[in-house]
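The values are calculated or read from the model by the stated rules, or taken from the named source; none is laboratory data. Just so it is clear, the model here is predicted, and its values are computed rather than measured. Cβ placement follows ideal geometry from the backbone for every residue including glycine, while neighbour counts extend to all protein chains displayed. The accessibility values were calculated without ligands, DNA or RNA, using every heavy atom of the protein model including side chains. Shrake-Rupley method; radii C 1.70, N 1.55, O 1.52, S 1.80 Å.
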Amino acid sequence: MLTRPQALALVLRRLALLGRELGKPQLEQANEETRLFGEAAALDSIGLVTLMADLEEDVRAACGVSVHLADEKAMSRLTSPFRRVGLLADHLIDVVEKSTPPA
Amino acid sequence: MSTAVITGTSRGLGRALAERLLAEGWSVHGFSRSSGEITHPRFTAHAVDISDEGAVRAAVDQISDPIDLLVNNAGAASLNALLLTPGSIAASLMRVNYLGAFHCLQSIGKVMVRQRRGLVINITTVAVPLSLEGEAAYVASKAALDALTKVAAAELAPQGVRVIGLGFGPLSTDLTRAVPGFKLAELDARLGRPQGTSLAQAVDFIIQHLPAASSASGTIAYLARL
């Protein structure tokens, strides 16, 4: 189980860490509306992939479930769950609800 | 201590490589459909069909150590003229040789990206650059793997993950058991290896490529004269 504030905190914390690593201080100021990819986005494609990989492990540590953020359903949505920070937080809640703890 | 994941460790090159790394102090996780016969305190056998994405993910989830090396070795072969190759065989080869490696690279690639380091070795074949006749479906599946090697190298390099391909001619394994001896001898002579290539020589070639300085990411190197 992951609440909305917890999910948002996971994303923002990870973005801040990534910002320090990549030398992009603006990532430490991210909020729900921060655009993650596309034109004028905070991350390039490599950064987005890194964020997803790191977040999957963060979710596992926080909730004890193994999740796959880029599943078929997520990739086929008209509005990508990776477009903005808030949408990504919603997506985390969704995948955690549908996941079962690792055997 | 370093940790490796090797696919196809129940026999052949995968098993020989696993035994060599264990002897050199590595911990090894073997992904195979059958359990094989490696018994070593630092060897963990995972019964997994690598063409099953969920099964690969579940197996990777069980590994808690950092993963330094992935060797996508598991492979299948079928020697048939193009016009006589059943579509089911072509699909099966693609599932094991390409899709299986894809699933392992994706799951373990994520682990390596989190670590910001790692090495992936995809085992390929001289049959691709030689466009060997009679192996169309096999060559196509390995060509797909070679393409994956190059794209993965470009995508993962910024996070410190190196991806290379290492290719061999005929090895004395189950994959070549059905090939007539004179055909193998002809190919070995063409590759500048008239004595053939032993499993020990192939393992040595892989070990030589573990240091980062040995080959740039995206490189595909062959133990043969092409």
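Of B:Tyr138, B:Tyr222, which has the most accessible area and how do the rest follow, probe 1.4 Å?
B:Tyr222, B:Tyr138
Whose amide H sits under 5 Å from the amide H of B:Ile220, counting only residues 5 or more places off or on another chain, with H placed in the peptide plane?
Sorted by chain and number, the residues that satisfy this are B:Gly165.
So the label point goes 7 Å from the Cα of B:Gln106 along Cα→C-beta, right? Which residues of region B:51-71 then have their backbone N under 16 Å from it?
Those under the cut-off are B:51-61.
With r defined as the distance between the Cβ atoms of B:Ser92 and A:Arg35 and R0 fixed at 56 Å, what FRET efficiency is calculated, to the nearest 0.05?
Taking R0 as 56 Å, the efficiency between B:Ser92 and A:Arg35 is 0.80.
Would you mind checking region A:19-57 for residues with the amide N under 15 Å from a putative spin-label position 7 Å along Cα→C-beta of A:Ser99?
Under 15 Å, as judged by backbone N against the label point of A:Ser99, lie A:51-57 of region A:19-57.
Give or take rounding to whole Å, what are the principal axis extents of the alpha carbon atoms in chain B, in descending order?
46, 37, 35
Just need the relative contact order of chain B here, percent rounded to a whole number, with Cα pairs under 8 Å and 6+ apart.
19 percent.
Going by Cα centres, region B:167-226 and region A:28-103 are how many Å apart?
Answer, in whole Å: 42.
Sequence neighbours fewer than 8 away in the same chain don't count; with that in mind, list the lysines whose C-alpha is under 26 Å from B:Lys183.
Counting by Cα, and skipping residues close in sequence, B:Lys183 has these lysines nearby: B:Lys142.
With the contact rule set at Cα under 8 Å and sequence spacing of 6 or more, what percent relative contact order holds for region B:83-181?
Reported as a whole number, the value is 35 percent.
What does a probe at B:Arg33 reach in region B:130-146, counting residues whose amide N is under 19 Å from the point 7 Å along Cα→Cβ?
Residues B:137-139, B:141-142 qualify, since their backbone N sits under 19 Å from the label point.
Taking only the C-alpha atoms, wrap a convex hull around the protein assembly as shown and report its volume per residue in Å³ as a whole number.
Enclosed volume per residue, from the Cα hull, is 151 Å³.
Give the average over all directions of the projected area of the C-alpha convex hull of chain A, one decimal, in nm².
Average projection, Cα convex hull of chain A: 6.3 nm².
Rounded to the nearest 0.05, what FRET efficiency do A:Lys24 and B:Ala189 have when you use their Cβ-Cβ distance and R0 = 51 Å?
0.35
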